[in-house]
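The values are calculated or read from the model by the stated rules, or taken from the named source; none is laboratory data. Since this is a predicted model, take the numbers as computed values, not measurements. For neighbour counting, all protein chains shown are included, and Cβ atoms are generated from backbone atoms with ideal geometry for every residue, glycine included. Just the protein is used for accessible areas: all its heavy atoms, side chains included, with ligands, DNA and RNA removed. Shrake-Rupley method; radii C 1.70, N 1.55, O 1.52, S 1.80 Å.
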Amino acid sequence: MDRTDRTYTWSTALVAGRRSAALITGRRSALITACTLAMAGCTDTRLQPVDDIEVTLVDNLLEVEGEVCTDPPEATDFPVKILFIIDGSGSMQFVDDQNRRALAVEEAILRLRANPSVSFAVIRFNESDAVLTDPNARITAGDPFGVDLSNAFTRDPAILQTAVQELRVADSVTDYQGALSASLSLLQQDMLQSAPAQLARTKYVLLFLSDGDPFPTCCSNQSIANGVCERDDRHIFFCNNPDAIRQSDDQLPFLAGGEDYNQPYQIFGAVQDIVDLATNFQVGELRMHTAFLFDPELVSALDPTTGCFSIGDVNFVCPDRARPLLTGMADLGDGVFRDFSQAEEIDFLGFDLTNIKRENAIKNLIVTNPNLRPGTNGALLLDSDGDGLHDDLELENRMDRGSPDTDGDGYGDALEWLFRRNGLNPTVADTGCETAGDRADIDADGLRRCEEVLLRTSTELFDTDADGVPDGLEVIANTDPAQSDALADADLDGVRNGDEIRFNTNVSFGDGAARPAIAYRYRTEEVEPAADGGRCYNFQVKNIQLDTPFAREGVEDSFGRNELLVYMAEAPFDDPNDFGQYKVACVRARYVAPDFKDPPDGIVRLSPSDFFAPDELDRDQHCVGLTPPGTP
């Protein structure tokens, strides 16, 4: 039987639902004859058998099937940000007089800079904590955490070359705490300005190199009394008054007079703060590696009593103190400690500096028809403009059924209806969304910036709460786009919110016995991967109902046209809570009740090339499904 002309017998036509329209054709003359004979009463004439009447069914059902593939692993190389934290104390003039530390940093940068996903920042610590890759940044004692370090990570060759040259400068102290505090401030500012979805895929690598243990170390009177620390032979007078030795305000900027400084508990605490920062920002990965540089030729110069290398009366390099401290830092930072016995062995490429590469898998697949919304008690309601409010509701409340923004104020009708008790009115222009910036949809999730502000959603995330449902679709479905509620059951009908959205049933009201008749039916199976390594899936979604939207003014060819969207969310297969990445396909079908449907067989097939990034989808160019004009 030809799928474009489904012909059934009269007995099978009885199963057609209320939305199915039967166009009866066939042998009308035979039917008339049979009726005439029946009315004539009993005669000797035998009635002749009549063949079953042929009926052509034109239903309102659509099926969407096809194949979709995730991005290949090579296309999801995640950002790597490498922070070099390099000791520039005076003892380096003896331990690394050939400036091998600078050459090792330069070699790592030159090797890795070919990867566009890698960027670098460099901190040199001694009596000042200099962020060498942000030449305009100057950390000072007056407000050490107030300096803008948001531009510290860079790929600029000129800036990186200058930073490497500046690593050759060495002077007095080995300020661990100052270096870690500057690193914390730098990382925090970088994370604050990065999109959450990007942070979830970013790898931070911190490389901390020193040739000795911290100096100066200070122990306050209160800490001595409480047994927190004790003053060693290196306690010096400026612990109580740093200004006594400061010739400029960038010397020892994090040292406060009369307080503990560079104590082991503070060093470990600073590393833990950095680790916690990554956890709080949900960073993909952060590791701190540490390295100790010590020249074996200096062993004979170590003081046999203290085990330290002294310059004058001050012990600057104490290997037995430095190694366990650096090892503990690496342990806290989930990194590796390395002990370089001489400057020639410095090699940062020995640490894991590679990208996070995770293979993506499908996280969710959703088909939605914005032109036919679920109502109460299993009813399906026409929404001609696809704004989330059905036509009858818009008519009753003097809204324009043909426009998603009746009053043209920038706020969509659905959002204004949602916030009507908070002062918004879909028929009277409200303020707050006048400018082009206010009305921009930066993340292409169907919500303008001014709307995302009201909803507390991100303007840069397609799915703010990472629950597998796009923000714009959640607003229409009456779930919370700012809070993960896909696993909740708002109407207590035993079906989770996320599944109700996929099935196109009502999230807020039970559908009762009508659910089997109206719910979409999904089938998804993984198939052979694509040539580029992406995972591929065959899918089939049945029982998609169509309706007859009226012609919208200014929208060409809109009468009867249903415009569906197919969302595919992909995420690392080992992290389903990742924000994920989305691809979207657009499907168009036409239904004019009671007897016209396009495509005639009610099946639309999609290929991987029909799916686009949300901000790249052009509905005028990319929608598929309708029979091309001129097709016989």
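Taking residue 151, is it under 31 Å from the mean Cα position of the chain (by Cα) and open to solvent by 70 Å² or more (accessible area, probe 1.4 Å)? Even if it seems obvious, please write down each step before you answer.
Working: under 31 Å from the mean Cα position of the chain (by Cα): yes; open to solvent by 70 Å² or more (accessible area, probe 1.4 Å): yes.
Yes; evaluated as a whole, the condition is true for this residue.
Within 24 Å of the chain's Cα centre (by Cα), assigned to a helix (DSSP H, G or I), of a type outside the set (Ser, Thr, Tyr) and surrounded by fewer than 21 Cβ atoms within 10 Å (Cβ to Cβ) - does that describe any residue in segment 171-186? Taking every residue of segment 171-186 in turn, at least one turns out to be within 24 Å of the chain's Cα centre (by Cα), assigned to a helix (DSSP H, G or I), of a type outside the set (Ser, Thr, Tyr) and surrounded by fewer than 21 Cβ atoms within 10 Å (Cβ to Cβ). Among the conditions (1) in a strand (DSSP E or B); (2) touching a helix residue (DSSP H, G or I) at 6+ places or on another chain (Cβ under 8 Å), residue 205 misses just one, which is (2).
Residues in segment 461-469 include none that are modelled with pLDDT of 95 or more, in a loop (DSSP other than H, G, I, E, B) and of a type in the set (Ser, Thr, Tyr). Of the residues examined, residue 605 is one that is among the basic types (Lys, Arg), more than 17 Å from residue 385 (Cα to Cα), out of contact with any Cys (no Cβ under 8 Å at 6 or more places or on another chain) and open to solvent by 30 Å² or more (accessible area, probe 1.4 Å).
Identify the residue in segment 577-598 that is among the hydrophobic types (A, V, I, L, M, F, W, C) and open to solvent by less than 20 Å² (accessible area, probe 1.4 Å) and, among all such residues, is farthest from residue 617 (Cα to Cα). Top of the filtered list is 589. So which residues in segment 376-397 are in a loop (DSSP other than H, G, I, E, B) and either among the aromatic types (Phe, Trp, Tyr) or over 27 Å from residue 452 (Cβ atoms) (or both)? The one that is in a loop (DSSP other than H, G, I, E, B) and either among the aromatic types (Phe, Trp, Tyr) or over 27 Å from residue 452 (Cβ atoms) (or both): 379. The lone criterion from (1) in a loop (DSSP other than H, G, I, E, B); (2) within 26 Å of residue 84 (Cβ to Cβ); (3) in contact with a helix residue (DSSP H, G or I) (Cβ under 6 Å, 6 or more places away or on another chain) left unmet by residue 267 is number (1). With respect to the stated conditions, residue 122 is of a type in the set (A, V, I, L, M, F, W, C) and either touching a Ser or Thr at 6+ places or on another chain (Cβ under 6 Å) or farther than 27 Å from residue 246 by Cα (or both). Just to be sure before I move on: is residue 307 modelled with pLDDT under 85, in contact with a Cys (Cβ under 7 Å, 6 or more places away or on another chain), under 27 Å from residue 90 (Cβ atoms) and not hydrophobic (A, V, I, L, M, F, W, C) in the structure I sent? It is true that residue 307 is modelled with pLDDT under 85, in contact with a Cys (Cβ under 7 Å, 6 or more places away or on another chain), under 27 Å from residue 90 (Cβ atoms) and not hydrophobic (A, V, I, L, M, F, W, C).
Within segment 187-202, the set of residues being assigned to a helix (DSSP H, G or I) and surrounded by fewer than 24 Cβ atoms within 10 Å (Cβ to Cβ) comprises 188, 189, 190, 191, 192, 196, 197, 198, 199. Cβ-Cβ contacts under 8 Å between residues 6 or more apart (or on different chains), taken from a first residue in segment 148-169 that is assigned to a helix (DSSP H, G or I) to a second residue that is hydroxyl-bearing (Ser, Thr, Tyr), are listed as 159/133; 160/133; 160/154; 163/133.
Can you tell me which of 144, 116 is open to solvent by less than 40 Å² (accessible area, probe 1.4 Å) and in a loop (DSSP other than H, G, I, E, B)? It is 144. Scanning segment 48-92 for residues that are modelled with pLDDT of 80 or more, in a strand (DSSP E or B) and of a type in the set (Asp, Glu) returns 63, 65, 67, 87.
Residues that are over 30 Å from residue 478 (Cβ atoms), hydrophobic (A, V, I, L, M, F, W, C) and open to solvent by 10 Å² or more (accessible area, probe 1.4 Å) within segment 505-544 comprise 527, 530, 531, listed in sequence order. Pairing residues of segment 434-448 that are part of a loop (DSSP other than H, G, I, E, B) with residues that are among the aromatic types (Phe, Trp, Tyr), at Cβ distances under 6 Å and at least 6 apart in sequence or on separate chains, gives 443/462; 445/462. If you filter segment 345-378 down to residues that are open to solvent by 10 Å² or more (accessible area, probe 1.4 Å) and either among the hydroxyl-bearing types (Ser, Thr, Tyr) or without any contact (Cβ under 8 Å) to a residue 40 or more places away in the chain (or both), you find that the one that is farthest from residue 209 (Cα to Cα) is 376. Screening residue 492 against (1) assigned to a loop (DSSP other than H, G, I, E, B); (2) open to solvent by 50 Å² or more (accessible area, probe 1.4 Å); (3) within 24 Å of residue 442 (Cα to Cα) leaves a single unmet condition, (3). Elements of the type strands (runs of 3 or more DSSP E) sitting completely within segment 531-632 and holding at least 3 residues that are in contact (Cβ under 8 Å) with a residue 40 or more places away in the chain and of a type outside the set (Lys, Arg): these cover 536-545, 561-572, 581-592, 603-606. Within segment 407-420, is even one residue over 17 Å from residue 477 (Cβ atoms), part of a loop (DSSP other than H, G, I, E, B) and modelled with pLDDT under 95? No, segment 407-420 has no match at all.
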